[in-house]
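Asker: First, the structure itself, so that you have it in front of you.
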Amino acid sequence: DQQVKQNSPSLSVQEGRISILNCDYTNSMFDYFLWYKKYPAEGPTFLISISSIKDKNEDGRFTVFLNKSAKHLSLHIVPSQPGDSAVYFCAASEGGSQGNLIFGKGTKLSVKP
Amino acid sequence: AAGVIQSPRHLIKEKRETATLKCYPIPRHDTVYWYQQGPGQDPQFLISFYEKMQSDKGSIPDRFSAQQFSDYHSELNMSSLELGDSALYFCASSSTSGGAPDTQYFGPGTRLTVL
């Protein structure tokens, strides 16, 4: 059973607009959440993380929101740029940032000029 | 900044052969993780090491083994290869320096093809 779910396999957004990528999880023991970006033939690149004690973390154009009661997190990218086009993986861990990661299946973001 | 290094980047093997994948973590990182990503799948955790000791084990087949060496590099040994082992194998590393666990940073992956 998939513990981390990214229900949208793809998302298309116009350059300059906001991209919102969603992620749901089922394991209430997860206490650390991350977003990774992945280009073809490359390893996942860390983007941003959030601990379960927070509900928001911001880093430049990237903001992650966590709703623990809904077991839902989202990644907002604003403004979106063509270079943001990639597959975005949501990942979660039970052991803080040291725990092994459980990944979602990814969402392919396409930002059109 | 130095990143995680994996070698080889590509590997082609026949069924029932063995393969060894290597991972060199970011300098001063003491923890190494191995993940397997099949075609169209999400990365699946295999095994991790902290300070040269196995720290956690995931869905790693018994045909696979791994270890972390004194210089913190890690090797994933895969025997009796099967067609289903064809995948991208990622290594990630992190640090617990200062007592604060750090984020996992991934290497570029090794693409293993079993024919």
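Asker: Could you count how many residues in region A:7-36 are out of contact with any Asp or Glu (no Cβ under 8 Å at 6 or more places or on another chain) and either under 27 Å from residue A:79 (Cβ atoms) or among the acidic types (Asp, Glu) (or both)?
Answerer: Here the count works out to 20.
Asker: Scan (1) surrounded by 14 or more Cβ atoms within 10 Å (Cβ to Cβ); (2) at pLDDT below 95; (3) within 29 Å of residue B:112 (Cα to Cα) for the single condition residue A:41 breaks and write down its number.
Answerer: So residue A:41 meets the others, but not (1).
Asker: In contact with a strand residue (DSSP E or B) (Cβ under 8 Å, 6 or more places away or on another chain) and either closer than 23 Å to residue A:91 by Cβ or of a type in the set (Asp, Glu) (or both): which single residue out of B:39, B:61 fits that description?
Answerer: Values: B:61 fails: in contact with a strand residue (DSSP E or B) (Cβ under 8 Å, 6 or more places away or on another chain).
Every option except B:39 fails the conditions.
Asker: Quick one: in region B:31-58, of everything that is part of a loop (DSSP other than H, G, I, E, B) and more than 21 Å from residue A:1 (Cα to Cα), which residue is nearest to the other protein chains (Cβ to nearest Cβ)?
Answerer: At the first step, the residues of region B:31-58 found to be part of a loop (DSSP other than H, G, I, E, B) are B:38-43, B:51-52, B:58.
Among the residues that remain, those that are also more than 21 Å from residue A:1 (Cα to Cα) are: B:51-52.
Numbers: B:51: 12, B:52: 16 Å.
By that ranking, first place goes to B:51.
Asker: Quick one: how many residues across region A:48-64 are more than 10 Å from chain B (Cβ to nearest Cβ) and either in contact (Cβ under 8 Å) with a residue 40 or more places away in the chain or among the basic types (Lys, Arg) (or both)? I'd like the intermediate steps shown before the answer.
Answerer: First pass over region A:48-64, keeping only residues more than 10 Å from chain B (Cβ to nearest Cβ): A:50-64.
Narrowing further to those that are either in contact (Cβ under 8 Å) with a residue 40 or more places away in the chain or among the basic types (Lys, Arg) (or both): A:51, A:54, A:56, A:61.
Counting residues in region A:48-64 that are more than 10 Å from chain B (Cβ to nearest Cβ) and either in contact (Cβ under 8 Å) with a residue 40 or more places away in the chain or among the basic types (Lys, Arg) (or both) gives 4.
Asker: Can I ask one more? What residue, among those in region A:1-27 that are among the small types (Gly, Ala, Ser) and within 16 Å of the chain's Cα centre (by Cα), is surrounded by the most Cβ atoms within 10 Å (Cβ to Cβ)? Show your work before the answer.
Answerer: First, the residues of region A:1-27 that are among the small types (Gly, Ala, Ser): A:8, A:10, A:12, A:16, A:19.
Keeping just the survivors that are within 16 Å of the chain's Cα centre (by Cα) gives A:8, A:10, A:12, A:19.
Details: A:8: 15, A:10: 10, A:12: 11, A:19: 24.
By that ranking, first place goes to A:19.
Asker: Being surrounded by fewer than 20 Cβ atoms within 10 Å (Cβ to Cβ) and closer than 16 Å to residue B:32 by Cα is the filter; apply it to region B:65-87 and report the residue that is nearest to the chain's Cα centre (by Cα).
Answerer: In this case the residue turns out to be B:75.
Asker: Please count how many residues of region A:37-50 are in contact with a Ser or Thr (Cβ under 6 Å, 6 or more places away or on another chain) and either of a type in the set (Phe, Trp, Tyr) or over 24 Å from residue B:36 (Cβ atoms) (or both).
Answerer: 1
Asker: If a residue must be within 13 Å of chain B (Cβ to nearest Cβ) and within 30 Å of residue B:50 (Cα to Cα), how many such residues does region A:65-113 contain?
Answerer: Of region A:65-113, the ones within 13 Å of chain B (Cβ to nearest Cβ) are A:87-108.
Then keep just the ones that are within 30 Å of residue B:50 (Cα to Cα); that gives A:87-106.
Looking only at that region, the number is 20.
Asker: Of the conditions (1) surrounded by fewer than 19 Cβ atoms within 10 Å (Cβ to Cβ); (2) within 14 Å of chain B (Cβ to nearest Cβ); (3) not aliphatic (A, V, I, L, M), residue A:30 satisfies every one except a single condition; which number is it?
Answerer: (1)
Asker: Taking region B:12-30 on its own, how many of its residues are under 14 Å from the mean Cα position of the chain (by Cα) and either among the β-branched types (Val, Ile, Thr) or assigned to a strand (DSSP E or B) (or both)?
Answerer: Selection size over region B:12-30: 7.
The values are calculated or read from the model by the stated rules, or taken from the named source; none is laboratory data. None of the values given here were measured: they were computed from a predicted structure. Don't worry about glycine lacking a Cβ; one is built from the backbone with ideal geometry, like all the others, and counts go over all protein chains shown.
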